[in-house]
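These notes are about the structure you will find just below.
The values are calculated or read from the model by the stated rules, or taken from the named source; none is laboratory data. Source: prediction; values computed, not measured. Quick reminder, even Gly has a Cβ in these numbers, built from the backbone with ideal geometry, and neighbours come from all protein chains shown. When the accessible area is computed, the model is the full protein with side chains, heavy atoms only, and any ligands, DNA or RNA have been set aside. Shrake-Rupley method; radii C 1.70, N 1.55, O 1.52, S 1.80 Å.
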Amino acid sequence: MMIDAVRLTGLLVSILEHAGAEPERARVCAEHLVAANLKGHDSHGVGMAPAYVNWIRAGKLFPNARPKVIQDRGAVMVVDGQFGLGQPVARETTQMVIERAKQIGIACVALRNSCHIGRIGTYGEQCADAGLISMHHVNVVGGPPTVAPFGGREARMLTNPYCCAVPRKGGEHIVLDFATSAVAMGKLRVAYLNGDAAPAGVLVDAEGRPTTDLSTFYRAEARSLLLPFGLHKGGGMQILCEILGGALAGQWTMQPASARTYGAAINNMLSVVIDPDAFGGREAYEAEAEAMLDYIRATAPAEGVDRVRLPGDPERESMAKRSAEGIPVDDGTWSQLREAARSVGLADADMPTD
């Protein structure tokens, strides 16, 4: 199905409100999810909404909980998300650290105990829109591990994303945002619902042998495992996100003494936000950065590549295309959305038909 972004947002708002979210929090979450789809990241888009509804109904996600500052030492803040709806919790927490960084030049916030906060690039973009540079280390807890460390064949972590965003005057910010696993688990979910195989080099089976059979990832016993991206380099980033986002920011990692049976995806995030003005000479910095970016973009493309892109370019291209043509929603995701809507009392007539 191809669905207009406005209609899809309205549907998600209605589902989340019927599940118990206040209108403003439902809208922030819905707009975040739809924006992820628009930017080509279906893994973090509307397909997450059914899980949120299930977690609310199970009493694991408290949709109207607000972020609570539990420690403030000027340049460093610690915020408890109180297991709230992740997108508004993370947005409000990010706004806190933006305001602090503008006051003193650099600030850091540790967000802990937030339910799934979605696409981390959204918070990098929020900082970049404010003219600030940001770095975000995130870990994922609350369920069993599914990702093996580099060189291993036993699960030890989850997908542990990292993001760095750099502002640009025209708004075409540099946004580097990726899971430290070979792909995000949401991408496997979308492929599985479509009946597709996993990409090569992403999974190994319980014996450590490469596999593309996604059914092995979703079975109860002898599950296949995700690998880190980029061999030892991605494996190293994966560990840093676990230590900085998990141990430092969240005080909750995937080591076995921690709670793995919470029953919802929980994110802990360490965000460092920098005001370029604090270094003096923003104009000189921007001129030098833009000259370098122009130099990179002017590279002759390799065979089979139309042009050299910067981090953030693919999302802008997808945004333009999907804003004009609609958002593709696969049958499996659509079926789960319909079931989530029914579970909170919405009728089939309330669902878009195209």
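Key figures
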{"item": "Where a residue in the stretch 12-25 is free of Cβ contacts under 8 Å to residues at least 24 places away in the same chain and its partner, wherever it lies, is surrounded by 18 or more Cβ atoms within 10 Å (Cβ to Cβ), with Cβ under 8 Å and at least six apart", "result": "VAL13/ALA26; VAL13/ARG27; VAL13/ALA30; GLU17/ALA26; PRO23/VAL13; PRO23/GLU17"}
{"item": "Among (1) hydrophobic (A, V, I, L, M, F, W, C); (2) closer than 24 Å to TYR162 by Cα; (3) in a helix (DSSP H, G or I), the one test that ALA340 misses", "result": "(2)"}
{"item": "Close pairs (8 angstrom Cβ cut-off, 6 or more residues apart or separate chains): closer than 16 Å to ARG153 by Cβ in the stretch 207-220, among the β-branched types (Val, Ile, Thr) and surrounded by 12 or more Cβ atoms within 10 Å (Cβ to Cβ) anywhere", "result": "PRO210/VAL204; THR211/VAL204; PHE217/THR146"}
{"item": "Criterion violated by THR122 - all others in (1) open to solvent by 10 Å² or more (accessible area, probe 1.4 Å); (2) of a type in the set (Val, Ile, Thr); (3) assigned to a strand (DSSP E or B) satisfied", "result": "(3)"}
{"item": "ILE98 vs. criteria under 26 Å from ARG66 (Cα atoms) and part of a loop (DSSP other than H, G, I, E, B)", "result": "no"}
{"item": "Extreme residue, surrounded by the most Cβ atoms within 10 Å (Cβ to Cβ), among residues of the stretch 268-308 that are within 30 Å of THR93 (Cβ to Cβ) and charged (D, E, K, R)", "result": "ASP275"}
{"item": "Matching residues, the stretch 184-201, being among the hydrophobic types (A, V, I, L, M, F, W, C) and open to solvent by less than 70 Å² (accessible area, probe 1.4 Å)", "result": "ALA184, MET185, LEU188, VAL190, ALA191, LEU193, ALA197, ALA198"}
{"item": "Inter-residue pairs, beta-carbon under 6 Å, first without any contact (Cβ under 8 Å) to a residue 40 or more places away in the chain and in the stretch 115-143, second part of a helix (DSSP H, G or I), 6+ apart", "result": "GLN126/THR94; ALA130/ILE98"}
{"item": "Residue that is surrounded by the fewest Cβ atoms within 10 Å (Cβ to Cβ) [pool: residues in the stretch 309-333 that are in a helix (DSSP H, G or I) and at pLDDT below 95]", "result": "ASP331"}
{"item": "Output for the stretch 247-260, where each listed residue is open to solvent by 60 Å² or more (accessible area, probe 1.4 Å) and either part of a helix (DSSP H, G or I) or free of Cβ contacts under 8 Å to residues at least 40 places away in the same chain (or both)", "result": "LEU248, GLN255, PRO256, ALA257"}
